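K.L.:
One structure follows; several queries about it will come next.
Only the coordinates and a few stated rules stand behind these numbers; no lab work does. All values reported here derive from a predicted model rather than from experimental measurement. We place every Cβ from the backbone using ideal geometry, glycine too, and count neighbours over all the protein chains shown.
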Amino acid sequence: MNCNVSLQIIPNVPDAGLYALVDRVIAMIRDSGVKYVVGPMETTMEGELHALLGIVERAQDLCFQYGATRVLAVVKIDCKAGGVTIDEKIAKYRCT
């Protein structure tokens, strides 16, 4: 069943390295193969809950690997019977 998981990751690193580390996390999400949408405050992913939570864990590990001394992760999960998609939530707001 498809779920949506939104992840806002805030690594404790010097300000100069913050965006570069967030970019690494987004690249890791991209490379995972799940459907995702990057927003200004969080990235929303679509897929099986277990797989998405694994990505959240890998995001935290990646931050520590690149020097974060602490990582704050804000996670939102949306699941419903029959699954839920990113498109059904935002398709009407996209410009064509």
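K.L.:
Give the relative contact order (percent, whole number) for segment 2-78; include only Cα pairs under 8 Å separated by 6+ residues. Numbers along the way, then the final one.
P.N.:
Working: 113 pairs, mean separation 40.8, N = 77.
Computed over segment 2-78, the figure is 53 percent.
K.L.:
Under a Cβ-Cβ limit of 4.7 Å, which cysteines in the chain have nobody to pair with?
P.N.:
Unpaired cysteines in the chain: Cys63, Cys95.
K.L.:
Between Cys79 and Met41, 0.36 nm times their residue separation minus their Cα-Cα distance comes to what?
P.N.:
Details: separation 38, 0.36 × 38 = 13.68 nm, distance 2.08 nm.
Extra length available between Cys79 and Met41 comes to 11.6 nm.
K.L.:
Tell me which label goes with the value of Cα extents along the principal axes in Å computed from the coordinates here: (1) 40, 31, 21; (2) 60, 34, 28; (3) 43, 30, 21.
P.N.:
So the structure-derived entry is (1).
K.L.:
Oh, and also: Modelled label-to-label distance, Cys95 and Ala20, 7 Å Cα→beta-carbon offset: nm?
P.N.:
3.2
K.L.:
While we're here: For every helix of n ≥ 4 consecutive DSSP H residues, a contribution of -39,500 (n - 2.57) applies; sum these over the chain, divide by its total residues, and give [θ] at 222 nm rounded to the nearest 500 deg cm²/dmol.
P.N.:
Details: 3 runs with 40 residues, N = 96.
Helix contribution divided over all residues of the chain: -13500 deg cm²/dmol.
K.L.:
With θ set to phi - 60° and the Karplus curve 6.51 cos²θ - 1.76 cosθ + 1.60, what are the ³J(HN,Hα) couplings of segment 17-27 in order, to the nearest whole Hz, using x for Gly and Pro?
P.N.:
Once rounded to whole Hz, the list reads x, 4, 5, 5, 6, 4, 4, 5, 5, 5, 5.
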